[in-house]
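A short worksheet on the structure shown next.
The values are calculated or read from the model by the stated rules, or taken from the named source; none is laboratory data. This one's a predicted model, so the numbers in the text were calculated from it and none came from an experiment. As a convention, Cβ positions derive from the backbone with ideal geometry for all residues, glycine included, and neighbour counts pool all protein chains shown.
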Amino acid sequence: MQKVCMTIAGLDPSGGAGIVADIKTFRAFDCFATVAITSITFQNTQGVFGAVHQSAETVRNQILPILDDFEVSAVKTGMLPTAEIITEVGKVAAEYSLKNFVIDPVVRSTSGYDLIDDDALRSLTMDLFPIALIVTPNIPEAERICRIRIQSIEDIKFAGKEILKLGPKSVLIKGGHIPLSKLPDDEVISVDENDTELKALDFLFFNDTLTIFASPYMRTQATHGTGCVLSSAITACIAKGADLRQAVLQAKKFVTNAIKTAPLMGKGYSPINV
């Protein structure tokens, strides 16, 4: 039977990120997609030009009929732009005892547009991180959550431990912003057989262990939606019964191929190939 996944996130009309990317990713993993829109953004591959956020009540009223009708196997959140929306999502999660909660702490777009204010970020870490199976920040997001500069592997390890203190069961820090030529001594899992001098490393903190996933670093403009697709792929794999490390590995392979095969579209950061 097809598993049902839910995404609670923003709408990107250009189709590269947000719920459109989530829906495409769920379908690629043969999962049925349900959605709740938190914000309607105005954007294309070149940037984000504004947004109209939904009310907390509107978001709640989108979610409840789905949960009353479907057996949702996993839920992911993307852009949660206000503290009120985040608090409401937390209430719904508690009321329905939602499991397999994946949080992509979207705070800034690929083009550099801030998508969440400080009050919302505090609410995100206090209300939702404690119920998360996994949180998936990239380097800039981890910097903002921890209020530090991340310039090395040791900084990433420190940030991962600090985010774990906020309550999630696991943390995946995406290290694509700091490509490395030398692999660390920790356990490293290769995502792609193609060898490149520079590697993009993702760091999974789970059960008092650190697992590093290494994939080729690709110099490309096709990066729009990578975080959304990765977290959606993890969500789908978990919904289908994969354990956490296997879900991350499958998701990483999917995203690596989506970047590698992406045709360049638009005039800015092109969507990856989902």
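The C-beta contact set for segment 125-144 (first residue in a helix (DSSP H, G or I), second residue among the basic types (Lys, Arg) and surrounded by 21 or more Cβ atoms within 10 Å (Cβ to Cβ), distance under 9 angstrom, 6+ apart or interchain) comprises Ile139/Lys174; Glu141/Lys174; Ala142/Lys174.
Candidates in segment 146-163 are the residues that are of a type in the set (Val, Ile, Thr) and not in a loop (DSSP other than H, G, I, E, B); of these, the one that is surrounded by the fewest Cβ atoms within 10 Å (Cβ to Cβ) is Ile153. The residues in segment 106-163 that are in contact with a Gly (Cβ under 7 Å, 6 or more places away or on another chain) and of a type in the set (Phe, Trp, Tyr) can be counted, and the count is 2. Figure legend. Inter-residue proximity from segment 249-274: first residues closer than 16 Å to Arg219 by Cβ, second residues acidic (Asp, Glu), beta-carbon distance below 7 Å, spacing 6+ or different chains. Indicated pairs: Thr256/Asp192. In segment 191-210, is there at least one residue being at positive phi, surrounded by fewer than 15 Cβ atoms within 10 Å (Cβ to Cβ), over 16 Å from the mean Cα position of the chain (by Cα) and modelled with pLDDT of 85 or more? Looking through segment 191-210, at least one residue is at positive phi, surrounded by fewer than 15 Cβ atoms within 10 Å (Cβ to Cβ), over 16 Å from the mean Cα position of the chain (by Cα) and modelled with pLDDT of 85 or more. Select from segment 1-25 the residues that are closer than 18 Å to Thr223 by Cβ and of a type in the set (S, T, N, Q) and write down the one among them that is surrounded by the most Cβ atoms within 10 Å (Cβ to Cβ). Among them, the one singled out is Thr25. Within segment 180-190, identify whether any single residue is within 19 Å of Ile134 (Cα to Cα), in a loop (DSSP other than H, G, I, E, B) and either modelled with pLDDT of 85 or more or not acidic (Asp, Glu) (or both), and answer yes or no. No - not one qualifying residue is present in segment 180-190. Only one of the numbered conditions (1) part of a strand (DSSP E or B); (2) in contact (Cβ under 8 Å) with a residue 24 or more places away in the chain; (3) out of contact with any His (no Cβ under 6 Å at 6 or more places or on another chain) is not met by Pro13, and that is (1). For Ile103, the test of being surrounded by 20 or more Cβ atoms within 10 Å (Cβ to Cβ), out of contact with any Gly (no Cβ under 8 Å at 6 or more places or on another chain) and at pLDDT below 95 is failed.
If Ile19 satisfies all but one of (1) within 21 Å of Ala251 (Cα to Cα); (2) in contact with a Lys or Arg (Cβ under 9 Å, 6 or more places away or on another chain); (3) hydrophobic (A, V, I, L, M, F, W, C), what's the number of the condition it fails? If we test Ile19 against (1) within 21 Å of Ala251 (Cα to Cα); (2) in contact with a Lys or Arg (Cβ under 9 Å, 6 or more places away or on another chain); (3) hydrophobic (A, V, I, L, M, F, W, C), just (2) comes out false.
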